[in-house]
Amino acid sequence: MSLLEVNNLQVQFETTDGIVSAVNNVSFSLEEGKILAIVGESGSGKSQTVFAMMGLLDQNGHATGSVKFEDQEILNLSISELNLIRSEKIAIIFQDPMTSLNPYMKVSAQMAEVLIHHKGLSKTDAIKQSISMLDAVQIPDARNLIRMYPHEFSGGMRQRVMIAMSLLCHPKLLIADEPTTALDVTVQAQIMHLLSDIQKEFGTSIILITHDLGVVAGNSDETLVMYGGQVMEIATTELIYASPTHPYTQGLMSAVPRLDDNAVKLKTIQGNPPDAMLDPVGCPFSPRCKFSKDICSTHTPELLETGENKHFRACHVAFKELL
Amino acid sequence: MIVANKNKIKDMAENLSDSGPGRSLWKDARMRFMQNKAATLSLFVLLVIVAFSFIGSHFAVWSYERIDWNAVGSAAKVGMPSIETGHYFGTDDLGRDIYSRVIQGTQISLMVGILGATVAVVVGTLYGATSGYLGGRTDQIMMRIVDILMSIPYMFVLILLLVVFGRSIIMLFVGIGLLSWLDMSRIVRGQTLNLKNKEFIEAAQAIGVSDYKIIMRHIVPNLLGIVAVYATLLVPGIILAESFISFLGLGVQEPLTSWGALIKEGSNTIMYDTEWQLLFPLAFFVVSLFCFYFIGDGLRDALDPKGR
Amino acid sequence: MNHETMMQVENLKVHFDVSSEGDMLWTKRKKLQAVNGVSFELKSGETLGIVGESGCGKSTLARAIISMVPAETGRVLWFGKDLLALNKTEMRKHRKEIQMIFQDPLASLNPRMTIGEIIAEPLKTHYPKTSKADIKARVGDVMNKVGLLENLINRYPHEFSGGQCQRIGIARALILKPKLIICDEPVSALDVSIQAQVINLLMDLQKEMGLTLIFIAHDLSIVKHISTKIMVLYMGNIVELAKSEDIYNHPRHPYTQALISAVPIPDPKIEKNKDLILIEGDLPSPINPPSGCVFRTRCKKAQDICSQEKPELKKAASSHEVACHFND
């Protein structure tokens, strides 16, 4: 049984200029103890997908479809039910930890509050557990640092505090939305290392949302590539990097300069990102695709399994023709 | 994220195909302003009032200083609003035509308000932008001067000026203009400090654009939004100040008049059943103030920098 | 291409005054040493990449070179002439030879000006007598060069995507045909697929117009791709300066080694089996930097000498300079 199953998830926003489709027919599943990476550029709908799952959409947003967590439908639950799941079973960390930390409360108070509220611990026990959790995320001298305010920590430390806080109730699923985008590479390496340690130690499943293909490569079991609100390709991370079968994935991979590569010129994807205002007719990538055919601009390709194990792609053009 | 970018993306798609002139932020703002019904209506009403103050005198039978001897002393019985006598809004106790006097007062009040606000805007914007952009010691000194001027009680100085130098419109302008730019310059300075750290200012410095041109070309145009909003709120403020001064009897001199002076006269005689002497000028005064505030509100919404 | 020396920077130091809680007017302000004695040489036609993490002083260094941030000491010789000794008016004349491209593509364009006005501004500033027709022709020309349609000239910046805005910024930098362009994180705000377009454009333009570039970024893979020479900065000090292949193949400074190891490579086979060199701890406070070698607090090789003596930037191999006591 999968931990999380998402089926035909659709997210729309009502704006003064009409309805905007941010996410279209997204389906995927996540096994227990695995790391799924959702990759995409800005406007691909990767963040809105998880926001919809967690009931965090903006006021004007509206999600349809189905999201099953441990076989329980969690899409569009009431706030009180969602709060329970959000605090005890699914945790989320954001790019900027300051958005979820209260700047006027000491870290100790904020962490203890979670435990007192959800686990019914006494204050001393709650603080004790918080300290051991800060130790677990490798914050040096946690016993003293816990009494500081969030702004007194550096960016990397703050993200560690955030991770520690999200792990307090031992969630089954941790959603990390661009957790290292605001950090320096050396700190990014530390944080990603920490996340994979946590996954091993606590058996937490992780959904990692990022635009950085390098981060995905080292830190995920499965990779889902999104573009224009749709899933382009899903496969195990090894497979998708070794043989990307979608023109967009291929383009993306060759557009990134690699440190271990001496290519003189980068391959580029021509054109600009898609227009979210237009109704999605056909494949969203077709205007920029080198292999685009007539059918691509009229019919949306379905996400189908290619011959290999659990490798799905949404493209009208046969894989052979792409080579 | 998507929602914020949506307009941009949409425009981009259009851009690639057509080549007409671009849609400036001003055009955008105008469209949003037009969608605000209260603001558009207010603008319309205000324009009608302004037009009335120029055209209205052509329909007047009596000029604003001519005395109708029939009505002198018996305004309550003879001087009521009527079409036959030509006193559309009635007369005052001295037998003068309120209709003409309201038109005259409207001109004076609006002129004081708009000219005063213009002086305040121009001086305040330039002063604030210069102070904020140059920063450092210059900024310190310039802002301390503003602080000192601000600590002087505004009304007190104004009254003193009028008493010492005599009551005249010029003096009124000088007094109001001298003091009302202070708030403006503070607001503008704050905005300039914000703008100063924007990369396009740095870009202009790297190109080698002179400080004067950076202020005039890059800072001031980007301040105009907030300045426009503040100016529409400043106009009624100045009209109010002028009315207050006139109400005290220190404003414009007879036979010229203004809303404040008319309201004062009207309110003095209210017990003699001549309520029209108060109600007509008061109606113009209140409606105009409402209009200015609604327009200011609409402008603020239209120029709201959110989503940019 | 002749490789004459274009710019020589000697012992450049920049500091900022920082105020802290409880400071009074007369309290002596603490100093934050943003750039601490940087010296290097730039030859024409080169691309010098400057990498380092946030707060290492890379942007300040670039701004100090063109006197947008006042330097404390040091010289910046531009074809033999010290730029820092010039007054404002004299410096303005040299600004047309050195242009800059910024990080945030939209924020670096004045929202109230049309694209045409933005691109023409350097031209109008330095050659105010240019005729209107001439300006229009030059603007159209340079727009073509960066891949923008000429008929967009009357549009406003907010009508463009990030990638297009960055092209506008590049066009503005190119219109005076400068000798040197300083690119401050020009692609870090852009999407991956757009990043590649902009990098290729910069490289093509460099070849075509014989430009010299200073390319600042925190992303080592991009810097390595575009640069001929790389300077690694740590807390305002150069720790290593070498050809870009050498930096990647034979990094000598422990910090460079850790930096390179931390850059993720988009290949699961390599990435999952990599021996990661993690740097422990946080960046020390820049107001109170460590004595001796600034990296010693986080360095595995650190010995007593590192806290006593500041390592000089020394030649370790041909055109490979390192500032470390233990480079072998």
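Give the percent of DSSP beta bridges with both residues in region A:114-265 that are antiparallel, rounded to the nearest 5.
Roughly 55 percent of the DSSP beta bridges within region A:114-265 come out antiparallel.
So for chain C, averaging the separation of alpha carbon pairs under 8 Å that are six or more residues apart and normalising by length, what relative contact order in percent results?
19 percent
Write down the accessible area per residue of region B:154-255 in Å², having rolled a 1.4 Å probe over the full set of protein chains.
41 Å²
Express the C-alpha Rg of region A:212-264 as a ratio against the empirical globular expectation 2.2 N^0.38 Å, rounded to two decimals.
1.13
Return one whole number: the accessible area per residue of region C:113-234 in Å², for a 1.4 Å probe.
Averaged over the residues of region C:113-234, the accessible area is 31 Å².
What is the Cα centroid distance between region C:31-107 and region A:193-242, reported in whole angstrom?
40 Å
Quick one: ranking C:ILE216, A:ILE79 by accessible area, 1.4 Å probe, largest first, what do you get?
A:ILE79, C:ILE216
Sort out for me the Cα centre separation of region A:78-129 from region B:229-308, rounded to whole Å.
55 Å
Roughly how large, in nm² to one decimal, is the mean projection of the convex hull of the alpha-carbon atoms in region A:35-109?
Taking a quarter of the hull surface, the average projection is 6.9 nm².
With unit charges on the beta carbon (Lys/Arg positive, Asp/Glu negative), name the residue among C:ALA323, C:LEU313, C:PRO290 whose Cα is farthest towards the positive pole of the charge dipole of region C:286-328.
C:PRO290
Working only with C-alpha atoms, what are the Rg and Dmax values of the protein assembly as shown, expressed in angstrom?
Values for the protein assembly as shown (Cα only, Rg and Dmax): 33.9, 114 Å.
If the convex hull of the alpha-carbon atoms of region B:182-308 is projected onto planes in all directions, what is the mean projected area in square nanometres?
With the hull built on Cα positions only, its mean projection is 10.6 nm².
Taking both sides together, what accessible area is buried at the A/C interface, probe 1.4 Å, expressed in Å² and rounded to the nearest 100?
Result for this pair: about 3700 Å² buried.
As an exercise, identify the chymotrypsin sites (Phe, Trp or Tyr not before Pro) in region A:45-120 lying in DSSP coil whose Cβ has no more than 12 other Cβ atoms within 10 Å.
Passing both the DSSP loop test and the Cβ count: A:TYR104.
If you put +1 on each Lys and Arg Cβ and -1 on each Asp and Glu Cβ, how big is the dipole of the protein assembly as shown around its Cα centre, in Debye rounded to 20?
Dipole size: approximately 2540 debye.
Would you be so kind as to identify all helices of chain B, as entire DSSP H runs, whose Cα atoms reach 18 Å or more along the helix's own axis and whose mean Kyte-Doolittle hydropathy is at least 1.6?
Helices meeting the criterion: B:37-55, B:220-247.
Counting only the backbone N, which residues of region A:191-220 are under 18 Å from the spot 7 Å out from the Cα of A:LEU77 toward its beta-carbon?
Under cut-off, by backbone N: A:205-207.
Total accessible area buried between chains C and B, 1.4 Å probe, in Å² to the nearest 100?
3100 Å²
As I understand it, the dipole of the protein assembly as shown uses +1 on the Cβ of Lys and Arg and -1 on the Cβ of Asp and Glu, about the Cα centre. Which of C:GLY55, A:ILE209, A:PRO284 lies farthest toward its positive end?
C:GLY55
Measure off 7 Å from each Cα along the Cα-to-Cβ vector at A:SER100 and B:ILE67, then give the distance between these two points in nanometres to one decimal.
So the label points at A:SER100 and B:ILE67 sit 8.3 nm apart.
Hey, can you list the residues from region C:89-111 whose accessible area shrinks by 40 Å² or more with all protein chains present, relative to the chain by itself (probe 1.4 Å, no ligands or nucleic acids)?
Listed in order, they are C:ARG92, C:ARG95, C:PHE102, C:ALA107, C:ASN110, C:PRO111.
Compute the accessible area per residue over region A:1-156, keeping the other protein chains in place, probe 1.4 Å, unit Å².
Value returned for region A:1-156: 47 Å² of accessible area per residue.
When only DSSP loop residues count, what trypsin sites (Lys or Arg not before Pro) in region A:105-197 have their Cβ near at most 16 other Cβ atoms within 10 Å?
A:LYS106, A:ARG147
Note the angle between two axes, namely the Cα long axis of helix C:192-209 and the longest principal axis of the Cα atoms of chain C, as a number of degrees from 0 to 90, rounded to the nearest 10.
70 degrees
Report in % the part of the accessible area of region C:62-131 that belongs to carbon and sulfur, leaving out ligands and nucleic acids; probe 1.4 Å.
52 percent
Show me the three semi-axes of the equivalent ellipsoid for chain B, from the C-alpha gyration tensor (sqrt of 5 times each eigenvalue), largest first, rounded to whole Å.
Output for chain B: semi-axes of 45, 26, 13 Å.
Reachable aspartates and glutamates from C:LYS93, Cα under 16 Å, same-chain residues fewer than 8 places away excluded?
B:ASP211, C:ASP82, C:GLU121
Would you work out if region C:201-255 is rounded, prolate or oblate? Take a ≥ b ≥ c from the square roots of the eigenvalues of the alpha-carbon gyration tensor; rounded if a/c is under 1.5, else prolate when a/b is larger than b/c, oblate otherwise.
prolate
Find how much the distance from A:SER297 to A:SER87 grows on full extension, using 0.36 nm per residue of separation minus their present alpha carbon separation; answer in nm with one decimal.
Extra length available between A:SER297 and A:SER87 comes to 71.3 nm.
Sequence gap at least 6, Cα distance under 8 Å: using those rules, report the relative contact order of chain B to the nearest whole percent.
After rounding, I find 25 percent.
Per residue in region A:1-35, which ones lose no less than 40 Å² of accessible surface when going from chain alone to all protein chains (1.4 Å probe)?
At a threshold of 40 Å² (probe 1.4 Å), the residues of region A:1-35 that become less exposed are A:ASP17.
Hey, which lysines would be in cross-link range of B:LYS264, C-alpha to C-alpha under 28 Å, not counting anything within fewer than 8 residues on its own chain?
B:LYS77
When you take every Cα atom in region A:97-203, what is the radius of gyration, and what is Dmax, the widest Cα pair distance, in Å?
13.1, 39
Rounded, prolate or oblate for chain A? Axes are the square roots of the Cα gyration tensor eigenvalues, ordered a ≥ b ≥ c, and the cut-off for rounded is a/c under 1.5.
prolate
About its Cα centre, what dipole magnitude does chain A give when the only charges are +1 on Lys and Arg Cβ and -1 on Asp and Glu Cβ, stated in debye to the nearest 20?
560 debye
How many percent of the alpha carbon pairs in region C:32-71 exceed a separation of 14 Å?
51 percent
Among the lysines, which have Cα under 27 Å from the Cα of A:LYS172 when same-chain residues fewer than 8 positions away are ignored?
A:LYS34, A:LYS46, A:LYS68, A:LYS89, A:LYS106, A:LYS119, A:LYS123, A:LYS128, A:LYS200, A:LYS310, C:LYS272
Using a loss threshold of 30 Å², tell me which positions in region A:170-191 are less accessible in the complex than in their chain alone. Probe radius 1.4 Å, ligands and nucleic acids ignored.
Buried by 30 Å² or more upon assembly, which counts only protein chains, are A:ASP184, A:VAL185, A:THR186, A:ALA189, A:GLN190.
So in the protein assembly as shown, what percent of DSSP beta bridges are antiparallel if you round to the nearest 5?
Antiparallel bridges make up about 65 percent of those DSSP assigns within the protein assembly as shown.
Which residues in region A:1-44 have a backbone N closer than 16 Å to a point placed 7 Å from the Cα of B:THR40 along the Cα-to-Cβ line?
What the label zone holds, given the 16 Å backbone N cut-off, is no residue at all.
Return the carbon/sulfur percentage of the accessible area of region A:68-154, one whole number, probe 1.4 Å, all protein chains in place.
53 percent
Project the alpha carbons of region B:97-214 onto their principal axes and report the range along each, largest first, in whole Å.
Principal-axis extents of region B:97-214 (Cα, largest first): 64, 30, 19 Å.
With charges only on Cβ, +1 for K and R and -1 for D and E, what is the dipole size of chain C about its Cα centre, in debye, rounded to 20?
880 debye
If you fit an axis through the alpha-carbon atoms of helix A:155-167 and take the longest principal axis of the Cα set of chain A, what angle between them do you get, 0 to 90°, nearest 10?
Result, in degrees: 80.
For region C:132-191, what does the alpha-carbon gyration tensor say about shape, rounded, prolate or oblate, given a ≥ b ≥ c as the root eigenvalues, a/c under 1.5 as rounded, and a/b over b/c as prolate?
It comes out oblate by the Cα gyration axes.
Checking a compactness column here: for region A:166-323, what do you get for Rg(Cα) / (2.2 N^0.38 Å), N being the number of residues?
In units of the globular-protein estimate, region A:166-323 measures up at 1.15.
Using only the alpha-carbon atoms, what does region C:124-263 span along each of its principal axes? Please give whole angstrom values in decreasing order.
56, 29, 26
Measure off, as a whole percent, the carbon and sulfur share of the 1.4 Å-probe accessible area of region C:262-319, all protein chains present.
Looking at region C:262-319 in its full context, I get 49 percent from C and S.
Enumerate the residues in region C:232-264 having an amide nitrogen under 16 Å from the point lying 7 Å beyond the Cα of C:SER318 toward its Cβ.
So the set is C:242-247.
Evaluate the distance, in nm, between pseudo-label points positioned 7 Å from the Cα of C:ASP304 and of B:VAL122 along their respective Cα→Cβ axes.
Roughly 7.6 nm, to one decimal.
Helix-only estimate, please: 222 nm mean residue ellipticity of the protein assembly as shown, summing -39500 (n - 2.57) across DSSP H runs of length 4 or more and dividing by its residues, to the nearest 500.
So the calculated ellipticity at 222 nm is -14000 deg cm²/dmol.
When the C-alpha atoms of region A:148-236 are aligned to their principal axes, what extent does each axis show, in angstrom, from largest down?
Projected onto the principal axes, the Cα atoms of region A:148-236 cover 44, 27, 22 Å.
Quick one: which residues, 5 or more positions from A:ILE206 or on another chain, have an amide H under 5 Å from its amide H? H modelled 1.01 Å from N in the peptide plane, none for Pro or chain starts.
For A:ILE206, whose amide H was placed from the backbone, the distant partners under 5 Å are A:LYS34, A:ILE35, A:LEU36, A:LEU174.
The values are calculated or read from the model by the stated rules, or taken from the named source; none is laboratory data. Quantities reported herein were computed from a predicted structural model and do not represent experimental measurements. So basically every Cβ, Gly included, is an ideal-geometry build from the backbone, and we count neighbours across all protein chains shown. Side chains included, ligands, DNA and RNA excluded: accessible areas come from the protein's heavy atoms. Shrake-Rupley method; radii C 1.70, N 1.55, O 1.52, S 1.80 Å.
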